[in-house]
Amino acid sequence: MKNFTPWVLWEKMKKDPDGINCPGIYLITFDKKVLNKAADPTQSEIVYVGMTNSKGGIKSRLKQFVCAVRGTKVHSGGSRVRYQIKRNKNFEFYKKQEELLKNLHISFCAFKCNVKLVSPETLRVMGEVAKHEYYVLSDYLEKNKCLPRFNDRKLSPRKD
């Protein structure tokens, strides 16, 4: 299993950490307790596990997640977060989503390859990304007896 980067606050992430523009797997939590811990893909604080094989890499996919929470793009996990915030009537919606995003912590593992180049080698690497996401999710499920909250479609629907 590949190693994940240390946890980092999305707002404070340096411009382009090594591998952020590559395909890969990413972990999301809103829990501040993880900041001083090494990233472990089975940590119960994780609320979403995602992957990307897109040309924009992990950074682009994480931006889509944030935009989906704000309602300006589509991302399955981000849309689930947005819907759950909307269902909570205790706080002003916009204020609550921005407070949540200020606590967005990420960790990722990159798979370096040139996704613009169609070759057997690149396709194999991209297949490994997809395979790795399923292994991360299965390890999480095995340890925690559930999926991360926003990977669970029944627990966190995108809409009624």
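Is there a pair in LYS55/LYS86; LYS102/LYS131; LYS14/LYS116; LYS33/LYS116 whose C-alpha atoms are over 27 Å apart, and which pairs would that be? Those over the limit are LYS55/LYS86; LYS102/LYS131; LYS33/LYS116. Give the cross-link partners of LYS32 among the aspartates and glutamates, using a straight C-alpha distance below 20 Å as the criterion and excluding same-chain residues fewer than 8 apart. Straight-distance partners of LYS32: GLU11, ASP40, GLU45, GLU98, GLU99.
Checking the a/c ratio against 1.5 first, then a/b against b/c, what shape does the Cα gyration tensor give for the chain? Prolate, since a/c reaches 1.5 and a/b exceeds b/c.
If R0 is taken as 30 Å, the Cβ-Cβ distance between ASN114 and GLU11 corresponds to a FRET efficiency of 0.50. How would region 22-61 be classified by its alpha-carbon gyration tensor: rounded, prolate or oblate, with rounded meaning a/c under 1.5 and the a/b versus b/c comparison settling the rest? The shape class here is prolate.
Using θ = phi - 60° in the Karplus curve 6.51 cos²θ - 1.76 cosθ + 1.60, the 3J(HN,Hα) couplings for region 145-157 round to 6, 6, 7, x, 3, 8, 8, 8, 5, 6, 6, 10, x Hz; x is entered for Gly and Pro.
What is the angle, in °, between the Cα long axis of helix 120-144 and the longest principal axis of the Cα atoms in the chain? Nearest 10 is fine, range 0 to 90. Long axis of 120-144 versus the principal axis of the chain: about 40 degrees.
Read the figures in this text as sums done on the coordinates, not as results from a lab. Predicted model, so just to flag it, every value in this text is computed and none were measured. Positions of Cβ are backbone-derived with ideal geometry, glycine not excepted, and every protein chain shown enters the neighbour counts.
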